[in-house]
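Q: I have a structure I would like to understand better, so I am pasting it below and will then ask my questions one at a time.
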Amino acid sequence: MFMAKEKIKPFGSKVWLASPTMHGDELKYMSEAYETNWMSTVGENINEIERVISEKLGVKYAVALSAGTASLHLALKLAGETIYGRAKVGKGTLNNHLVFCSDMTFDATVNPVIYEGGIPVFIDIEKDTWNMDPVALENAFEIYPEVKIIVIAHLYGTPSKIDEIKAIADAHGAVLIEDAAESLGATYKGKQTGSFGYCNCISFNGNKIITGSAGGMLVTNSLNDANKIRKWSTQAREEAPWYQHEELGYNYRMSNVIAGVVRGQMPYLEKHIEQKKNIYMRYKQGLKGLPVSLNPFDAENSEPNFWLSCLIVDEDAMCKQVRSEFNAYFRREPGKSCPTEILEILMRYNVEGRPIWKPMHLQPIYRKNRFITRESKEIDRMNFYNEGDGIDVGKDVFNRGLCLPSDNKMTLEQQEIIIEIIKSCFA
């Protein structure tokens, strides 16, 4: 039954987008680290989560690191050294080489390219999964055939079209790095994301489907590469009786205490995925009849982990919306709405939503970088806040999309009320 806005009271406690869901086992393993005095970057918790993650993903080796970003950084360093050779101290291994990157993602996917001296080239998303478009990637290789590294992100826990992307990478002699920070537990053709690339990365940040409050993991099938990552992540100390260093290192190893949190979380991964999927399906059913749809996925070949449920407003149901660098405005129109209005209304009821990731090619820091679409090799980016122009899919999804509250502690009653609030925006 439709409920008017004024009949719905704000929630007493905030309904979050995605917050940690703890079970108690986490505290047990943290306490063990404390009681045995293994509080640093070695210990049983680290050993165990490296074993569990490598087993879950079906890869041979996993290296526990301080953050998903640290994992991505060392993955880029490793790929750069493998392809271009070791860098001199103070210079990155990529050294002005181009790297193809997912355009719609958090900037942690891309920043490590800069850390290593590379230049990101952004590849537009496709409509089927909101992930890197294989057609646009092929276009990019026609323009820049010399590129040897591709970084893909599985957006909001939805697998990319990995077979197509990997086939293109192989045809051009390029290596693939998976940013699986958001997609732990998601599968493509029955195989875990994070197991397809040359080396791949996971995040245990506080809002992820499995959290350590922080932390990340790099996974690989090469023992030599795993050992390199372990060395680099502990300040690249050489095997000498004293502290000897011959290359640049980093303080990137995971704490045994953080590893205890992850260790306590991992047995609940499938339960968390089931809860997230139920949230997605309830939104899909509850919003039927509205001029909206949820974030898409390739149901034939993939099973997301449904980390975040997202909504996109139909083009002809969008009210007027304008965004500047820091603000957004809309004009109310009967029967129509837009992300800005929906997010503002949700906020009034103490509900957290978020805009879709702003594409990297629209970010001020990266606005001069090259950007490749499936339909055009050159696109006018001077008017990047206008409505989608039909060729820039990422910009269009950003304009019309938003992330819905997807916390797996959200009650059925809370979600039903949130659905009614969204309906009221289109009244």
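The values are calculated or read from the model by the stated rules, or taken from the named source; none is laboratory data. Keep in mind that this is a model prediction, so the values were computed, not measured. Neighbour counts run over all protein chains shown; Cβ positions are idealised from the backbone, glycine included.
Q: Identify, please: which residue in the stretch 32-59 is closer than 20 Å to S183 by Cβ and among the charged types (D, E, K, R) and is, among those, surrounded by the fewest Cβ atoms within 10 Å (Cβ to Cβ)?
A: So in the stretch 32-59, the residues closer than 20 Å to S183 by Cβ come out as 49-50, 52-59.
Subset that is among the charged types (D, E, K, R): 50, 55-56.
Details: E50: 20, E55: 11, K56: 18.
Going through the qualifying residues, I end up with E55.
Q: Right, here's the next one. Within the stretch 263-282, is even one residue farther than 22 Å from H23 by Cα and free of Cβ contacts under 8 Å to residues at least 12 places away in the same chain? Before the answer, list the steps.
A: Step one: of the stretch 263-282, the residues farther than 22 Å from H23 by Cα are 280-282.
In the following step, the residues that additionally are free of Cβ contacts under 8 Å to residues at least 12 places away in the same chain were identified as 281.
For the stretch 263-282, residues farther than 22 Å from H23 by Cα and free of Cβ contacts under 8 Å to residues at least 12 places away in the same chain: present.
Q: A follow-up question, please. Among the residues that make up the stretch 329-336, is at least one of them surrounded by 15 or more Cβ atoms within 10 Å (Cβ to Cβ) and under 21 Å from the mean Cα position of the chain (by Cα)?
A: From the stretch 329-336, those surrounded by 15 or more Cβ atoms within 10 Å (Cβ to Cβ) are 330, 336; that's our starting set.
The next check asks that each one be under 21 Å from the mean Cα position of the chain (by Cα); those that pass are none.
For the stretch 329-336, residues surrounded by 15 or more Cβ atoms within 10 Å (Cβ to Cβ) and under 21 Å from the mean Cα position of the chain (by Cα): absent.
Q: Related question: Regarding the stretch 297-315, can at least one residue be identified that is among the hydroxyl-bearing types (S, T, Y) and either assigned to a loop (DSSP other than H, G, I, E, B) or under 30 Å from A67 (Cβ atoms) (or both)? Break it down stepwise before answering.
A: Keep residues of the stretch 297-315 that are among the hydroxyl-bearing types (S, T, Y), which gives 302, 309.
In the following step, the residues that additionally are either assigned to a loop (DSSP other than H, G, I, E, B) or under 30 Å from A67 (Cβ atoms) (or both) were identified as 302, 309.
Checked the stretch 297-315: at least one residue is among the hydroxyl-bearing types (S, T, Y) and either assigned to a loop (DSSP other than H, G, I, E, B) or under 30 Å from A67 (Cβ atoms) (or both).
Q: Let me ask something additional. Which numbered condition in (1) loosely packed, with under 13 Cβ neighbours inside 10 Å; (2) under 24 Å from E420 (Cβ atoms); (3) not aromatic (F, W, Y) is the only one that V313 fails?
A: The single condition V313 does not satisfy is (1).
Q: Just checking, does the stretch 90-101 include any residue being farther than 27 Å from E246 by Cα and part of a helix (DSSP H, G or I)?
A: Among the residues of the stretch 90-101, not one is farther than 27 Å from E246 by Cα and part of a helix (DSSP H, G or I), which makes the answer no.
Q: I49 - would you say it is outside any loop (DSSP other than H, G, I, E, B) and farther than 16 Å from G215 by Cα?
A: Working: outside any loop (DSSP other than H, G, I, E, B): yes; farther than 16 Å from G215 by Cα: no.
Answer is no for this residue.
Q: Within the stretch 198-243, how many residues turn out to be part of a strand (DSSP E or B) and either closer than 16 Å to G260 by Cβ or not assigned by TED's automatic domain parsing to the domain that holds F106 (or both)? Step through it out loud before you land on a result.
A: So in the stretch 198-243, the residues part of a strand (DSSP E or B) come out as 199-203, 205, 213, 215-220, 234, 237.
So of that shortlist, the ones also either closer than 16 Å to G260 by Cβ or not assigned by TED's automatic domain parsing to the domain that holds F106 (or both) come out as 213, 215-217.
Looking only at that region, the number is 4.
Q: When you scan the stretch 64-80, how many residues do you find that are under 14 Å from V113 (Cβ atoms) and of a type outside the set (S, T, Y)?
A: The qualifying residues number 9.
Q: Of all residues in the stretch 202-261, which are in contact with a Gly (Cβ under 6 Å, 6 or more places away or on another chain) and either without any contact (Cβ under 8 Å) to a residue 40 or more places away in the chain or of a type in the set (F, W, Y) (or both)?
A: F204, W232, Q235, A236
Q: Could you tell me whether any residue of the stretch 18-31 is within 19 Å of D179 (Cβ to Cβ) and buried (at least 19 other Cβ atoms within 10 Å of the Cβ)?
A: So in the stretch 18-31, the residues within 19 Å of D179 (Cβ to Cβ) come out as 18.
Okay, now just the ones that are also buried (at least 19 other Cβ atoms within 10 Å of the Cβ), so 18.
Yes, the stretch 18-31 contains at least one residue that is within 19 Å of D179 (Cβ to Cβ) and buried (at least 19 other Cβ atoms within 10 Å of the Cβ).
Q: Does D170 satisfy the criteria of being modelled with pLDDT of 95 or more and within 30 Å of I279 (Cα to Cα)? It would help to see each step written out before you state the result.
A: On the way: modelled with pLDDT of 95 or more: yes; within 30 Å of I279 (Cα to Cα): no.
Answer is no for this residue.
Q: In this structure, does K14 turn out to be at pLDDT 95 or above, closer than 30 Å to I418 by Cα and not assigned by TED's automatic domain parsing to the domain that holds R263? Break it down into steps so the answer makes sense when it comes.
A: Details: at pLDDT 95 or above: yes; closer than 30 Å to I418 by Cα: yes; not assigned by TED's automatic domain parsing to the domain that holds R263: yes.
The answer is yes for K14.
Q: Now a separate question. Which of the residues spanning the stretch 296-320 are touching a helix residue (DSSP H, G or I) at 6+ places or on another chain (Cβ under 9 Å) and either modelled with pLDDT under 95 or charged (D, E, K, R) (or both)?
A: Residues satisfying the conditions are E303, D314, E315.
Q: Using the structure shown, decide if P339 is within 22 Å of L98 (Cα to Cα), buried (at least 20 other Cβ atoms within 10 Å of the Cβ) and either within 24 Å of the chain's Cα centre (by Cα) or modelled with pLDDT of 95 or more (or both). Outline the logic, then answer.
A: Numbers: within 22 Å of L98 (Cα to Cα): no; buried (at least 20 other Cβ atoms within 10 Å of the Cβ): yes; either within 24 Å of the chain's Cα centre (by Cα) or modelled with pLDDT of 95 or more (or both): yes.
Here the answer is no, as P339 does not meet what is asked.
Q: Identify, please: which residue in the stretch 207-260 is β-branched (V, I, T) and farther than 23 Å from I83 by Cβ and is, among those, surrounded by the fewest Cβ atoms within 10 Å (Cβ to Cβ)? Step through it out loud before you land on a result.
A: Quick first cut of the stretch 207-260, residues β-branched (V, I, T) only: 209-211, 219-220, 229, 234, 257-258.
Those still in the list that are farther than 23 Å from I83 by Cβ too: 209-211, 234, 257-258.
Values: I209: 27, I210: 26, T211: 23, T234: 15, V257: 22, I258: 25.
The residue in question is T234.
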